[in-house]
Amino acid sequence: MRHVLKRAGTGVAAALAWAGLIAGLAGLAGCGSEEEFTDAKPGRGADTIQVLPGDGARGVGQTDRIRVSVSDGRLERVTVAQIEDATPTGLPGRISRDGSTWRPDGQVRIAPAAKYRVDAVAVDARGRRSARHTTFTTAVPTARFVGYFTPENRATVGAGMIVSFDFNRKIRDRAAVERAITVTSDPPVEVVGHWFGDERLDFRPREYWEPGTKVTVDLALRDVQAAPGVFGIQRKTVGFTVGRSQVSRVDAARHTMEVRRDGELLSTLPVTTGGPETPTYNGKMVVSELYDVTRMNGMTVGFGGEYDIKDVPHAVRLTTSGTFLHGNYWAPARTFGSENVSHGCVGLRDIRGGGADTPAGWFFERTLIGDVVEVVNSRDDTVAPDNGLSGWNLNWPDWKAGSALT
């Protein structure tokens, strides 16, 4: 579910028809607008889906328990997969006959020094879906460090993709680590690293990648000393392909989003963005995750119990802090294209369960990890360059200044 890249079945002509409906369509409660919720607003109790290890757990050992369970309803699907590695692999497992629990098969062991993602969807007795997405990292040998990286090996991505490394330990000798990671492309362009703190290193060119570019990332981190007594263990080469350029421009004042593919306008869609008290970030944000359904809970992003929606359809992640572009089935149609009422997300009209022929479904089907969504004319500040893959908001001199090799 990290890369739900379903291809579109509807044509561009259908999408263009929405452009004429902007004045009559309406908006979204975004990540949740309390006054818009009626019986569609779920309760604010514990998670419907429980996952072990917990979200963000580190140092998980090979004998630690891995389990996904529900106390009510049944699990519809569960995927546990190693990600951000040269060879992403799934962890074999099965759902129990009563649908209440997922466990790994037999004596299957998790890999050391790896990052795993858990994606689960459950259905209750009334046919309502809920979703949960978590990650955990496994134990790394003492005095060793690894870099978990994005995008995945052999991925096809959008032109705004930024190569990003998150290290499991603080890097003291940034120059040595940066020198050991080489990012090259065909056709060739200058690619430069930029450090955000001492645990994250991103790479990008001056401008968006050209469609068709092949990018190779060579990690020569084995035995590189990152800090006194701490050495790398990775030696591998990975790569990805830039499929095409898609840049979508959200105008928060006009309540529209122009979707352009390789410079050509595909469609203008009616949207809603953040309300007066919770405006959407301005700036360029890069798609980092795609979920056909996900849960959005205000408790996780500083909004307390203002909302908890367990089946948000067609969710496209734009920032680490919780900005999404997503579908909405609970808001009245009069809002789309005319009001900004969300808690900071960008919203598109949708139906419960997600409709392929809705604006949200159309956009989701045509989106890749690495596509760019740029927000303008919002009342908020520009998104921070380290909030998600938002490094395009730094100009080239400032980006290069963040390299340890300059």
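Values computed for the structure shown
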{"read-out": "Residue match in region 172-179 (condition: buried (at least 16 other Cβ atoms within 10 Å of the Cβ), farther than 22 Å from Ser288 by Cβ and in contact with an Asp or Glu (Cβ under 8 Å, 6 or more places away or on another chain))", "value": "yes"}
{"read-out": "Scan of region 335-361 for residues that are open to solvent by 20 Å² or more (accessible area, probe 1.4 Å) and more than 17 Å from Ser378 (Cβ to Cβ), ordered by number", "value": "Arg349, Ile351, Arg352, Gly353, Gly354, Ala356, Asp357"}
{"read-out": "Long-range neighbours under 6 Å by Cβ, at least six apart or interchain, first residue buried (at least 16 other Cβ atoms within 10 Å of the Cβ) within region 124-147, second of a type in the set (Ser, Thr, Tyr)", "value": "Ser130/Thr48; Ala131/Thr294; Phe136/Tyr116"}
{"read-out": "Filter result for Asn387 (under 25 Å from Ala155 (Cα atoms) and either more than 17 Å from the chain's Cα centre (by Cα) or surrounded by fewer than 18 Cβ atoms within 10 Å (Cβ to Cβ) (or both))", "value": "no"}
{"read-out": "Flag if Gly160 is farther than 30 Å from Asp64 by Cα, in contact with a strand residue (DSSP E or B) (Cβ under 7 Å, 6 or more places away or on another chain) and not hydrophobic (A, V, I, L, M, F, W, C)", "value": "yes"}
{"read-out": "Subset of region 284-334 [of a type in the set (A, V, I, L, M, F, W, C), part of a strand (DSSP E or B), modelled with pLDDT of 95 or more and open to solvent by less than 10 Å² (accessible area, probe 1.4 Å)]", "value": "Met285, Val286, Leu290, Ala315, Val316, Leu325"}
{"read-out": "Pairs, first more than 19 Å from Gly263 (Cα to Cα) in region 357-374, second of a type in the set (A, V, I, L, M) and crowded, with 24+ Cβ neighbours inside 10 Å, C-beta under 6 Å, six or more apart", "value": "Pro359/Leu269; Pro359/Leu348; Ala360/Leu348"}
{"read-out": "Residue list for region 222-260, filter: free of Cβ contacts under 8 Å to residues at least 40 places away in the same chain and either within 30 Å of Ser378 (Cα to Cα) or out of contact with any strand residue (DSSP E or B) (no Cβ under 6 Å at 6 or more places or on another chain) (or both)", "value": "Glu258, Arg260"}
{"read-out": "Residue satisfying all of: in region 83-123; assigned to a strand (DSSP E or B) and of a type in the set (Ser, Thr, Tyr); surrounded by the most Cβ atoms within 10 Å (Cβ to Cβ) among these", "value": "Tyr116"}
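Conditions tested, residue by residue: (1) modelled with pLDDT under 95; (2) out of contact with any Phe, Trp or Tyr (no Cβ under 9 Å at 6 or more places or on another chain).
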position: Arg154; (1), (2): yes, no
position: Trp195; (1), (2): no, yes
position: Asp198; (1), (2): no, no
position: Asp202; (1), (2): no, no
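The values are calculated or read from the model by the stated rules, or taken from the named source; none is laboratory data. This one's a predicted model, so the numbers in the text were calculated from it and none came from an experiment. Note: ideal-geometry Cβ built from the backbone for every residue, glycine included; neighbour counts use all protein chains shown. Note: accessible area is taken over every heavy atom of the protein model, side chains too, but ligands, DNA and RNA are not part of it. Shrake-Rupley method; radii C 1.70, N 1.55, O 1.52, S 1.80 Å.
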